[in-house]
1. Residues of segment 70-99 being in contact with a strand residue (DSSP E or B) (Cβ under 9 Å, 6 or more places away or on another chain), within 25 Å of ASN51 (Cα to Cα) and of a type outside the set (A, V, I, L, M), which ones?
2. For segment 79-108: of the residues being within 42 Å of the chain's Cα centre (by Cα) and acidic (Asp, Glu), which is surrounded by the most Cβ atoms within 10 Å (Cβ to Cβ)?
3. Can you tell me which of ILE180, ILE150, ILE187 is touching a strand residue (DSSP E or B) at 6+ places or on another chain (Cβ under 8 Å), over 15 Å from LYS99 (Cα atoms) and in contact (Cβ under 8 Å) with a residue 60 or more places away in the chain?
4. Out of all the residues in segment 26-63, which are farther than 17 Å from ILE180 by Cβ, in contact (Cβ under 8 Å) with a residue 60 or more places away in the chain and either over 25 Å from the mean Cα position of the chain (by Cα) or exposed (fewer than 13 other Cβ atoms within 10 Å of the Cβ) (or both)?
5. Do you know which residues across segment 99-124 are acidic (Asp, Glu) and outside any loop (DSSP other than H, G, I, E, B)?
6. So THR59 clears everything in (1) outside any helix (DSSP H, G or I); (2) modelled with pLDDT of 80 or more; (3) polar (S, T, N, Q) except one condition, right? Which one?
7. So which of LYS149, LYS178 ends up being in a helix (DSSP H, G or I), basic (Lys, Arg) and touching an Asp or Glu at 6+ places or on another chain (Cβ under 9 Å)?
8. Is it the case that segment 120-141 has a residue that's within 25 Å of ASP177 (Cβ to Cβ) and touching a residue at least 60 places away in the same chain (Cβ under 8 Å)?
Amino acid sequence: MSRINLNFIRNSFKIQLAFWGIVIILFIQLLNAIILINSKKIELANDIYNNANAYAKLTTNKMVEYYLHYHNSGYFKLYNLIDELLTLNEDIEMIYIYKTDGDIVLHPNDFKNRKKPTIIKIPKNSKIFNRLELVEISSDFYIINERKKIDIVSPHIDEWGRHTYSVRYIFNYKSLDKKILKMKNEIIVISLISLFIAIILFIIFAIKITSRITELLKEKELLLREVYHRVKNNFQIVISLLSLDSPHENEEERNFDIINRIKSMSLIHEYLLDSKKFSQIKSREYL
């Protein structure tokens, strides 16, 4: 009896331990996923910034050359050529072409509406004006509507070493959102697969443990029934012995009373054997 109860407690503890072990593992996995996403987000943002600078360096000369060749007669051709360059980077949002004296010679609105480029003057005290004269690429950051932007000004140096134009690029982090979303979906899929495997393993483990518990309970029930039968047989033996003819009447009456008591005990014992709930046994009916 004590061995069965002890095994039952041990097996129940194993099931609880396995369950909480799975919960802890899944929690650690979720925490690692959050840390991974945050670290990867910083890494991807740096990649976008580096790619934006590289894109500006590679396309500045082409942008200005296209403008000089086509801005007067074939601005449709100009915009088509610029469109081809824009397809190389999905994060680019707007482009400007400036003269170093502060004139905007190609505005994003002209490009968007396919209008002939118009010259727009900018004040000399504006922040961008000082960046136009730099012969090195410069970058800045600003936030519009909670969206971070990369502002890059790249100088155009012609074959004679003259710096008369600069191209301004505005980049967003559109590709970052796509990559992070893709990463989250992959992590969700991996987490669901891990959760499914963990549930299957837990079910297998629980079935294995509960099957052992069921075997122990059956063994307990078998032992109890064997004890009940032995006790019942002993009752019958005692009743048979007491029912033998007695030489004295007083002793016979006393034996009769004892036999009735033993029969009552035997009936209660038999009722215990057939009953599933001991608390509902009405022993007074047999006394």
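1. ASN89, ASP91, GLU93, TYR96, TYR98, LYS99
2. Checking each candidate, the answer is ASP91.
3. So the residue among ILE180, ILE150, ILE187 that is touching a strand residue (DSSP E or B) at 6+ places or on another chain (Cβ under 8 Å), over 15 Å from LYS99 (Cα atoms) and in contact (Cβ under 8 Å) with a residue 60 or more places away in the chain is ILE150.
4. Within segment 26-63, the subset farther than 17 Å from ILE180 by Cβ is 26-29, 31, 50, 52-63.
The next check asks that each one be in contact (Cβ under 8 Å) with a residue 60 or more places away in the chain; those that pass are 26, 29, 52-53, 55-57, 59-61, 63.
Residues satisfying the conditions are ALA52, ASN53, TYR55, ALA56, LYS57, THR59, THR60, ASN61, MET63.
5. ASP103, ASP110
6. Here THR59 meets the rest and fails (1).
7. Answer to the check: LYS178.
8. Looking for residues that are within 25 Å of ASP177 (Cβ to Cβ) and touching a residue at least 60 places away in the same chain (Cβ under 8 Å), one finds at least one in segment 120-141, hence yes.
The values are calculated or read from the model by the stated rules, or taken from the named source; none is laboratory data. Nothing here was measured: the structure is a model prediction, and the numbers come from that model. Please note: Cβ atoms are built from the backbone with ideal geometry, for glycine as well, and neighbour counts cover all protein chains shown.
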